[in-house]
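The values are calculated or read from the model by the stated rules, or taken from the named source; none is laboratory data. Since we're looking at a predicted model, the values are computed, not measured. Please note: Cβ atoms are built from the backbone with ideal geometry, for glycine as well, and neighbour counts cover all protein chains shown.
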Amino acid sequence: MAIGFGIIGAGQMGAVHAAAIDAVSEAQLIAVADVDEKRADILAGEHGLQHVFTDYNHLLALRNVDAVVIATPDQLHCEPAVASSNAGKHVLLEKPIATNLRDADRIIASSKAANVKLAIGHCSRYDTTHTAIKEQIETGSLGDVMSIYSKRHAFITEARRLGGRVSVEQYLAVHDLDLMLWYLNDEVVRVTAEIVAGPVQNELGVHDICWTMFKTRRGAVGIVESGWVLPAKLGMGGDVRFEVVGSKGIAYGQVLPNTVAICNDDGWQFPDVQHWSKLHGNLVGWYAEQVRCFVQSIERDEPPVATGDDGRRSLEVIIAARYSYQKNETVSLPFTESHG
């Protein structure tokens, strides 16, 4: 029997998750909830749903909803996540897990108390580029990992879409920090960060670029370069690269620019072939695989690919990075909320 899903948050990412659920035969979309009634109605209509709510508690009361995807704004993750766990629903929560450690701890504690699955939507873990690197690390072919570097730059239009409500490290760097901590399986002990202000700062009030550097307990170093100031007309999907240096070898990964380029009277176009592309009419890519793996973790009673504890670890580094560039100092971990 298919796992029944509800979606809380019918914005852009809610729509992506709805399509991903439809693409997985072991999952069935049952209901959607959003405080914006029109937005909820649109998403429900696109998927032929009868259950549409402005109050997510009504969704959680449905007996045929086994799991929920929470795709609300980052600062609004905690209450629906805790309520979903308390209602006995498994939770797939968009990244980052929360915007502060107190909320993250509440979310994790509620899922453990209710004995439900809590998966964090770190979608890069479902990209074969990154899983191939992970496999090389685990087999030992690279030796001991000594340093990791990532570069993730998006268009200025992405910053504009978010309207200054999140920072670039919270939105973009968290992807790479999660991957790095997944690769290293180690604890971060120090974090330093620097930011650069430019057109995004002038227009939206948030910085354009952030460089985050950390060191782990076993001595590895990581650098995350993140930004969202690329010109909109560049049109190549962004610039996302990865490099892992070990004592016996090196691994390179490139996710973007996109691998397909089309030129016509409208100019150059770069269709997405990774995140949510179609294969013979069916959605494939990271998000469909994320739902499939989440369903599998429920059916097999296994830990999700990215757990709540994983989500907390990357969030802690993000918060420490923010404190570092605000105070112009290196931050030691574990980080406590009393710092800021």
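Could you tell me how many of the residues in region 260-313 are within 19 Å of Lys117 (Cα to Cα) and surrounded by fewer than 12 Cβ atoms within 10 Å (Cβ to Cβ)? Break it down stepwise before answering.
Residues of region 260-313 within 19 Å of Lys117 (Cα to Cα): 287-313.
Then drop every residue that is not surrounded by fewer than 12 Cβ atoms within 10 Å (Cβ to Cβ), which leaves 299-302.
Summing the residues that are within 19 Å of Lys117 (Cα to Cα) and surrounded by fewer than 12 Cβ atoms within 10 Å (Cβ to Cβ) in region 260-313 gives 4.
Against the test of being within 18 Å of the chain's Cα centre (by Cα) and assigned to a helix (DSSP H, G or I), the options Asp309, Asp272 yield a single qualifying residue, Asp309. Scanning region 15-43 for residues that are within 18 Å of Asp272 (Cβ to Cβ) and assigned to a helix (DSSP H, G or I) gives Ala15, Val16, His17, Ala18, Ala19, Ala20, Asp22. Val52 - would you say it is surrounded by fewer than 23 Cβ atoms within 10 Å (Cβ to Cβ) and outside the structural domain of Gly253 (by TED's automatic domain parsing)? The answer is yes for Val52. Which one is modelled with the lowest pLDDT among residues in region 273-304 that are touching a Ser or Thr at 6+ places or on another chain (Cβ under 8 Å) and within 19 Å of Thr128 (Cα to Cα)? Step by step, filter region 273-304, then rank; the result is Val273.
Of the residues that make up region 189-201, is at least one at pLDDT 95 or above, outside the structural domain of Val244 (by TED's automatic domain parsing) and farther than 28 Å from Tyr252 by Cα? Explain how you work it out, then say what you get.
So the first thing to find is which residues in region 189-201 are at pLDDT 95 or above, and the list is 189-201.
Subset that is outside the structural domain of Val244 (by TED's automatic domain parsing): none.
No: zero hits.
Looking only at region 41-90, residues that are within 22 Å of Ala113 (Cβ to Cβ) and under 14 Å from the mean Cα position of the chain (by Cα) come to 4 in all. Scanning region 187-227 for residues that are of a type in the set (A, V, I, L, M), surrounded by 14 or more Cβ atoms within 10 Å (Cβ to Cβ) and in a loop (DSSP other than H, G, I, E, B) yields Val206, Ala220.
Can you confirm whether region 44-53 contains a residue that is in a helix (DSSP H, G or I) and touching a residue at least 12 places away in the same chain (Cβ under 8 Å)? Explain how you work it out, then say what you get.
Kept after step one, since they are in a helix (DSSP H, G or I), are these residues of region 44-53: 44-46.
In the following step, the residues that additionally are touching a residue at least 12 places away in the same chain (Cβ under 8 Å) were identified as 44, 46.
Yes, because at least one residue in region 44-53 is in a helix (DSSP H, G or I) and touching a residue at least 12 places away in the same chain (Cβ under 8 Å).
Within region 44-67, identify whether any single residue is within 22 Å of Val317 (Cβ to Cβ) and of a type in the set (S, T, N, Q), and answer yes or no. Among the residues of region 44-67, not one is within 22 Å of Val317 (Cβ to Cβ) and of a type in the set (S, T, N, Q), which makes the answer no. Taking residues in region 96-113 that are closer than 14 Å to Pro80 by Cα and in contact (Cβ under 8 Å) with a residue 60 or more places away in the chain, and partners anywhere that are outside any helix (DSSP H, G or I) and β-branched (Val, Ile, Thr), the pairs with Cβ atoms closer than 7 Å and at least 6 places apart or on different chains are Ile97/Ile120; Ala104/Ile97; Ile107/Ile97; Ser111/Val91. The listed residues are Ser297, Ser324, and the only one of them that is more than 21 Å from Tyr183 (Cβ to Cβ), assigned to a helix (DSSP H, G or I) and touching a residue at least 24 places away in the same chain (Cβ under 8 Å) turns out to be Ser324. Condition check: within 23 Å of Asp103 (Cβ to Cβ), surrounded by 19 or more Cβ atoms within 10 Å (Cβ to Cβ), of a type outside the set (Phe, Trp, Tyr) and in the same structural domain as Ile120 (by TED's automatic domain parsing). Does Ile70 satisfy that? For Ile70, the condition - within 23 Å of Asp103 (Cβ to Cβ), surrounded by 19 or more Cβ atoms within 10 Å (Cβ to Cβ), of a type outside the set (Phe, Trp, Tyr) and in the same structural domain as Ile120 (by TED's automatic domain parsing) - is met.
For region 269-280, the criterion of being among the acidic types (Asp, Glu) and either touching a Phe, Trp or Tyr at 6+ places or on another chain (Cβ under 9 Å) or more than 24 Å from Ala154 (Cα to Cα) (or both) is met by none of the residues. Residue check: Arg152 meets all listed conditions (1) within 28 Å of Leu76 (Cβ to Cβ); (2) in a helix (DSSP H, G or I) but one, namely (2). In this structure, does Val116 turn out to be in a loop (DSSP other than H, G, I, E, B) and in the same structural domain as Arg322 (by TED's automatic domain parsing)? For Val116, the condition - in a loop (DSSP other than H, G, I, E, B) and in the same structural domain as Arg322 (by TED's automatic domain parsing) - is not met. Determine whether region 113-135 contains at least one residue that is farther than 22 Å from Asn185 by Cα, at pLDDT 95 or above and surrounded by fewer than 17 Cβ atoms within 10 Å (Cβ to Cβ). Checked against the condition, which is being farther than 22 Å from Asn185 by Cα, at pLDDT 95 or above and surrounded by fewer than 17 Cβ atoms within 10 Å (Cβ to Cβ), region 113-135 yields at least one hit.
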